[in-house]
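> Handing you this structure, nothing more for now.
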Amino acid sequence: MLSRTVMGFCKYGNPLYKNLTPNMCVLIPAVVSSNVQQQQIRTTINKHYNPQFRKHRGAKIIKIDLPDLTKEKDDEMSPERMRSKMKEKGLQPPRPWNERNFYISNSGGVFEPYVPPEGDGKLSAVTVKGAKQKLEFVEKKGKSMMAVRKIKSYDDDFTLKDFVQDATEIYKNAHEALMNFRTDKEKLEEFVTEKAYVEMTENAKYKTVSWKFHQSLSPPKVVHARTNSVVSKDNLFAQVTVRFHTQQSLCIYDRFGRKIYGDENLVKDVLEYVVFEKHITEQYGSWRVHHKIIPDWMPASEPIPRTFRKPEPLPDLPDQPEDEDKSSDSSSKPDVAIATA
């Protein structure tokens, strides 16, 4: 096949190579018309494939948006001018991204609030109901221990024994600061969260509170503990519910100095479940009063009577005789003519 497609030129085939020997022959590809495939190749000539309408195509123009070098800056442009420019280009107005950092100092609620057993503080552990309360408390203690373990992972010095003592002092300081919150608001914020601050001060507006702690009937104890994340998993808050069974005295005066509730000399037994909260992931977080749990079975307190200003009596109008009233009525009526057939 090589001898058919390639022609060897030597001294016998071409006079130019007559000095060459047969061993020094040059191989040149032979052009055989029967074996060559012809294919049309279009070169890169700027020429339309359809020769028709050449003049019309040549008359076409393209509108180019040239940059306006004298365009006004965005700062110097009025809002109406900027709006018209954006509307001309089909652009939507930008959204005002006013991002601000915010700080979450408290959770704003109670995680799985503790439900106090009915008759707590009155039933003895020897009775059947008292024994059931002890058993239920032990069953619910598992989650609380896990929460305490979570708190200790962030606070190495945390112990329930020391916390109960600190919670008692925080409880006392919060109520003492409430009596003078009008003059020193910052002191009350040290011992209560923002949620508890609003709830405590709202009921004490235009009133004078006199509160005193006398003694504890039973040592305070932790009955509930929970941890939960807010917004992100790294932002953890811890809540611990403490049971207080104490003796207190409370007296409330209105803005006129009148006593409307309680008595300073009357000591009462008070059973309370106070929730303390701490931002445990914050380095400088502290325990503060967050909420007070009031069970459904607890009797409602006496309503506080409101003080109102007595309205002044209206001045007495002079009595008019009946004849004068009738005459005045008849004189005020217009004369009417009655036509008869």
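The values are calculated or read from the model by the stated rules, or taken from the named source; none is laboratory data. For clarity, every value in this text was computed on a predicted model and none was experimentally measured. Don't worry about glycine lacking a Cβ; one is built from the backbone with ideal geometry, like all the others, and counts go over all protein chains shown.
> Of these, A147, A174, which one is at pLDDT 90 or above, of a type in the set (G, A, S) and touching a Leu at 6+ places or on another chain (Cβ under 9 Å)?
A174
> Mind listing just one residue for me: the one in the range 159-209 that is touching a residue at least 12 places away in the same chain (Cβ under 8 Å) and in a loop (DSSP other than H, G, I, E, B) and, of those, surrounded by the fewest Cβ atoms within 10 Å (Cβ to Cβ)?
Among those residues, the one meeting the criterion is Y206.
> Any idea which residue in the range 222-237 is surrounded by the most Cβ atoms within 10 Å (Cβ to Cβ), counting only those that are hydrophobic (A, V, I, L, M, F, W, C) and within 13 Å of the chain's Cα centre (by Cα)?
Per the stated criteria, the residue is V230.
> Looking only at residues in the range 59-110 that are part of a loop (DSSP other than H, G, I, E, B) and among the acidic types (D, E), which one is surrounded by the most Cβ atoms within 10 Å (Cβ to Cβ)?
Top of the filtered list is E72.
> While we're on this one: Right, E312: exposed (fewer than 10 other Cβ atoms within 10 Å of the Cβ) and either under 27 Å from the mean Cα position of the chain (by Cα) or in contact (Cβ under 8 Å) with a residue 40 or more places away in the chain (or both) or not?
In short, no.
> Here is a follow-up. Test I280 against the criterion of being among the hydrophobic types (A, V, I, L, M, F, W, C), under 23 Å from L160 (Cα atoms) and touching a residue at least 40 places away in the same chain (Cβ under 8 Å), and give yes or no.
Answer is yes for this residue.
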